[in-house]
Amino acid sequence: MPTVSNSFEGGSNTTTISAANSGGASGDAFDTVSIGASTPLTFDNAHAAHGTLAAKIAPTASSTTVMEYNTKVGTQTEFWGRCYIYMTAAPLSTWLFHRVQNAGTNVARIALLTTNRIRLDGGSANTSLYTSPTALPTNAWTRIEWHILVSATVGQFDVRIYRTSPDGATADDSSALAATQNLGTQATQYQFGGVQGSSTVPGTFWIDDVGISTAGYMGPAVTAAAIPPILVMQTRRAY
């Protein structure tokens, strides 16, 4: 499977994100987009990790809105993921911004807590496996990368958090869980967005430069929009 990624750069500000309009200049279109009645999902230019657009998730009540890769990634037992997240205030309830499932059964989840810390949940019982020791910043982008090896006996789930320098090479926090986690047998669904399970609305969030890979940690996102045009011209002339 090749790496799949989406930068949201191919959308239009305030337009609702769908599977049909999520490809093109954005990258790999999502296989499905499910939008809850109380959780709008739009392209938005208020905050972007790179370029000019990101996905804005603005729940007004408890509901689930997700952008999902399934057939483009396929059935996997080991993979890596990445996303950038942004918030203007700490969430008022837990925000589940990434969920991996196997035919609707949870394999792994990544959550942002009301303390602005990251929590990893594993298996169908959503067992809490790790909570980051330090809080993520508000009004700034944070890059989050993870590795998941799906197994019922030797499962692995690790995260790297880049908050000081979101595009840097050194993680501020990283987990070191034992390779003994029960994460089931396989993964078939890879979801980004907002999985809300509380009656308390967590807040408004932005997510950008999401991706899934089977080749290893993806590293920081690089987009053409992040390179000033004058540098592109100079580079071309140099050759």
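The values are calculated or read from the model by the stated rules, or taken from the named source; none is laboratory data. Given the structure is predicted, the values throughout are model-derived calculations rather than measurements. Glycine gets a Cβ as well: all are built from the backbone with ideal geometry, and neighbour counts include every protein chain shown.
In segment 80-105, the qualifying residues are those that are under 16 Å from the mean Cα position of the chain (by Cα), surrounded by fewer than 22 Cβ atoms within 10 Å (Cβ to Cβ) and modelled with pLDDT of 95 or more, and the one that is nearest to residue 173 (Cα to Cα) is 80.
Rundown of residues vs (1) in a loop (DSSP other than H, G, I, E, B); (2) touching a helix residue (DSSP H, G or I) at 6+ places or on another chain (Cβ under 7 Å); (3) free of Cβ contacts under 8 Å to residues at least 24 places away in the same chain, yes/no style:
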| site | (1), (2), (3) |
| --- | --- |
| 12 | yes, no, no |
| 21 | yes, no, yes |
| 50 | yes, yes, no |
| 90 | yes, no, no |
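Can you work out which of the residues in segment 53-79 that are hydroxyl-bearing (Ser, Thr, Tyr) and modelled with pLDDT of 95 or more is surrounded by the fewest Cβ atoms within 10 Å (Cβ to Cβ)? That would be 71.
Quick check on residue 3: is it among the β-branched types (Val, Ile, Thr), under 23 Å from residue 160 (Cα atoms), in contact with a Leu (Cβ under 9 Å, 6 or more places away or on another chain) and modelled with pLDDT under 95?
On the way: among the β-branched types (Val, Ile, Thr): yes; under 23 Å from residue 160 (Cα atoms): yes; in contact with a Leu (Cβ under 9 Å, 6 or more places away or on another chain): no; modelled with pLDDT under 95: yes.
Judged against the criteria, residue 3 is not a match.
So, in segment 87-113, exactly how many residues are among the hydroxyl-bearing types (Ser, Thr, Tyr) and farther than 18 Å from residue 206 by Cα?
Applying the first criterion (among the hydroxyl-bearing types (Ser, Thr, Tyr)) to segment 87-113 yields 88, 93-94, 105.
Narrowing the set further to residues that are farther than 18 Å from residue 206 by Cα leaves 105.
Of the residues in that region, 1 qualify.
Restricting segment 6-40 to residues that are surrounded by 17 or more Cβ atoms within 10 Å (Cβ to Cβ) and at pLDDT below 95, which is nearest to residue 212 (Cα to Cα)? It comes out as 35.
Just give me the residues in segment 107-120 being surrounded by 20 or more Cβ atoms within 10 Å (Cβ to Cβ) and either free of Cβ contacts under 8 Å to residues at least 24 places away in the same chain or part of a loop (DSSP other than H, G, I, E, B) (or both), in sequence order. First the steps, then the outcome.
Initially, segment 107-120 is screened for residues surrounded by 20 or more Cβ atoms within 10 Å (Cβ to Cβ), giving 107-112, 118, 120.
Correct list: 111 only.
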